[in-house]
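Peer 1: First the structure, which I've put down as structure tokens, then a few questions once you've had a look.
The values are calculated or read from the model by the stated rules, or taken from the named source; none is laboratory data. Quick caveat, the model's predicted, so the values are computed rather than measured. Neighbour counts are summed over all protein chains in view; Cβ atoms, including those assigned to glycine, are modelled from backbone coordinates with ideal geometry. Side chains included, ligands, DNA and RNA excluded: accessible areas come from the protein's heavy atoms. Shrake-Rupley method; radii C 1.70, N 1.55, O 1.52, S 1.80 Å.
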Amino acid sequence: MELGGANTNGDERNPSPLEVQQAPPPSNSPIWKTVTVASIAAGIQFGWALQLSLLTPYVELLGIPHTWAAFIWLCGPVSGMLVQPVVGYYSDHCTSRFGRRRPFIAAGTALVAIAVFLIGFAADIGHMSGDNLSKAAKPRAITVFVVGFWILDVANNMLQGPCRALLADLSGGHQSKTRTANALFSFFMAVGNVLGYAAGSYTHLYKAFPFSKTHACDVYCANLKSCFFISIALLLILTIIALAAVHEKPFSAEQGDSGGEGVSEPFFGEILAALKDLPRPMWILLLVTCLNWVAWFPFLLFDTDWMGREVYGGKVGEGRMYDLGVRAGALGLMLNAVVLGVTSLVVEFAARGVGGVKRLWGGVNFLLAICLGLTVLVTKFAESSRRYTSVHGGAATLEPPSAGIKGGALAVFAVLGIPLSVTFSIPFALASIFSSKAGAGQGLSLGVLNLAIVIPQMVVSVLSGPWDALFGGGNLPAFVIGAIAAAASGVLALTMLPSPPPETLASKASRSS
């Protein structure tokens with residue numbers, strides 16, 4: 001059976017950048033191999049959860065200025081915009097005897113280990129290099145931390161693209177297997193989230209690693225260091241198991257050659273050519289994905305801050321209400337991760353039940369819009385029912401919100417796990433399916449899809465603050481924009497996004513033969 005991008009007419013032309021790099025799909029790859037590769041996501045996401053829950057206070061401990069902090073958090077989308085397409089391109093072309101994806105997965109894991117060491121020991125390295133612990137800012141420790149943080153984001157992006165591409169390779173172009181593989185990847189991301197949030201919330205973890213607490217590294221720092229020890233151990237174990245159990249056939253350049261002389265353009269020229277040659281379904285997928293992530297990022301960036309400010313009525317550094325709200329938000333993230341994991345296991349069945357993946361994605365985008373809209377309602381109820389306790393001889397003290405308001409806010413967190421499970425699986429599955437139909441390289445196609453994720457993240461990171469300030473501060477203006485974007489994404493998914501081509505019995509039989 002010829003691949004969709006093969007030159008079957010005998011004419012000699014240079015193949016499009018999206019029409020090379022197709023290795024023969026494995027036939028009847030057992031599900032345990034897919035599970036093994038997908039499980040790497042748990043190790044990756046464990047580290048991400050630690051970043052979200054612990055690194056901001058650690059940044060303050062090192063004395064990093066606020067302007068630097070904003071620069072640091074931008075490294076995620078910047079590295080994602082550059083690294084995933086680059087890694088995807090070179091993994092599609094890789095002719096290593098170890099396979100196309102496995103060398104990049106191994107290299108990414110090694111870089112994560114280096115980055116975690118630099119981040120966890122930044123305070124110690126800075127102190128040994130001459131930092132004065134009595135001063136708020138510790139420039140040498142900050143330098144080590146920033147270098148480690150950038151390496152960590154680069155390494156994580158280096159891991160995710162080849163992992164998803166390997167899952168697509170193992171699926172052999174089979175749409176159902178591709179969707180199942182990405183759903184499993186989403187499930188293990190949820191597992192990593194739960195483990196990361198649980199480890200980050202345990203304040204005595206450092207006692208399991210007594211050497212982690214030093215003169216330069218206090219209890220909080222030692223806990224962070226201990227969490228990262230567990231994170232890298234988990235990632236190393238899962239990666240070693242996956243790479244030992246799943247083997248790839250060596251790929252030669254001739255396999256991807258469609259009869260022409262091959263692609264000789266420089267990498268970035270090829271990326272531009274690839275974007276130019278994207279089929280219409282991929283362009284629509286990029287648009288829907290872009291709007292989808294415009295909706296997600298305001299909440300993902302400010303969810304715990306919303307609980308602390310709007311729901312609990314607290315202010316940063318004043319009283320205990322903000323801290324209580326942030327802790328309640330951490331509980332909400334845990335509930336979100338649990339729902340994400342459970343829902344990820346039934347995404348394939350849900351897609352069949354509603355009549356296709358585009359209907360499922362469109363429907364949950366409307367659910368996302370409703371949940372983001374409900375943040376306004378929860379906030380207004382919280383503001384209208386503020387309770388204060390009078391203190392003898394002093395000012396009134398703000399009390400936590402009622403159980404009903406807190407429960408409503410936590411319900412929003414939990415329900416958002418449903419659309420998040422689809423966001424983490426369906427777009428990547430569709431990119432793999434559309435690229436397979438066009439004879440495209442999985443790595444480069446998934447890297448291009450990642451552009452539709454990181455560019456909105458950069459825009460939201462830069463503009464959300466000024467946008468919120470324009471309306472008097474707070475997080476609600478960005479959430480409202482997110483709700484509008486989610487609704488628009490749902491409409492486009494239902495009306496413009498093509499349905500994947502049906503798999504005929506003949507095509508399935510040909511893959512199994």
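Peer 1: Describe numerically, in nm with one decimal, the distance between label points set 7 Å from Cα along Cα→Cβ at S385 and at A137.
Peer 2: The modelled label-to-label distance comes out at 4.6 nm.
Peer 1: Here's another thing I want to ask about it. What ranking, highest mean first, results for peptides 301-314, 115-128, 205-218 when packing means the other Cβ atoms within 10 Å averaged over each residue?
Peer 2: 301-314, 115-128, 205-218
Peer 1: HN-Hα J couplings of the range 295-311 from phi, Karplus 6.51/-1.76/1.60, θ = phi - 60°, integer Hz, Gly and Pro as x?
Peer 2: Values per residue, Gly and Pro as x: 6, 6, 5, x, 6, 5, 7, 10, 4, 5, 5, 4, 5, x, 7, 7, 7 Hz.
Peer 1: Another question about this same structure. HN-Hα J couplings of the range 97-105 from phi, Karplus 6.51/-1.76/1.60, θ = phi - 60°, integer Hz, Gly and Pro as x?
Peer 2: Listing the rounded values in order: 5, 8, x, 8, 9, 4, x, 6, 5 Hz.
Peer 1: Moving on to the next point. Starting from 0.36 nm per residue, how many nanometres of slack lie between V219 and R327 once their C-alpha separation is accounted for?
Peer 2: Length gained between V219 and R327: 37.0 nm.
Peer 1: Roughly speaking, what is the stretch gain from F211 to A233, that is 0.36 nm per residue apart minus the C-alpha to C-alpha distance, in nm to one decimal?
Peer 2: Length difference between fully extended and current span is 6.2 nm.
Peer 1: So which trypsin sites (Lys or Arg not before Pro) in the range 87-160 end up in coil per DSSP with only 12 or fewer other C-beta atoms within 10 Å?
Peer 2: R97, K135
Peer 1: To the nearest 0.05, what FRET efficiency results for T397 and R280 with a Förster distance of 60 Å applied to their C-beta separation?
Peer 2: So the FRET efficiency works out to roughly 0.50.
Peer 1: Now a separate question. Could you quote the convex hull projected area for the range 121-180, Cα atoms only and averaged over all directions, in nm²?
Peer 2: Dividing the Cα hull surface by four gives the mean projection, 5.6 nm².
Peer 1: Enter the mean projected area of the convex hull around the alpha-carbon atoms of the range 334-392, in nm², rounded to one decimal.
Peer 2: Its Cα hull, projected and averaged over all orientations, spans 6.0 nm².
Peer 1: Here are some pairs, K207/K406; K213/K406; K315/K380; K249/K358; which of them have Cα atoms lying more than 26 Å apart in this structure?
Peer 2: Among K207/K406; K213/K406; K315/K380; K249/K358, the Cα-Cα distance tops 26 Å for K207/K406; K213/K406; K249/K358.
Peer 1: Name the shape class, rounded, prolate or oblate, that the alpha-carbon gyration tensor gives for the range 138-217, where a ≥ b ≥ c are the square roots of its eigenvalues, rounded holds for a/c under 1.5, and otherwise prolate holds if a/b is larger than b/c and oblate otherwise.
Peer 2: Oblate, since a/c reaches 1.5 and b/c is not below a/b.
Peer 1: Counting only protein heavy atoms and using a 1.4 Å probe, what share of the accessible area of the range 296-349 belongs to carbon plus sulfur, as a whole percent?
Peer 2: C and S fraction of accessible area: 65 percent.
Peer 1: For an R0 of 25 angstrom, estimate the FRET efficiency from the Cβ-Cβ distance between V376 and V354 and round to the nearest 0.05.
Peer 2: For R0 = 25 Å, the calculated efficiency reads 0.35.
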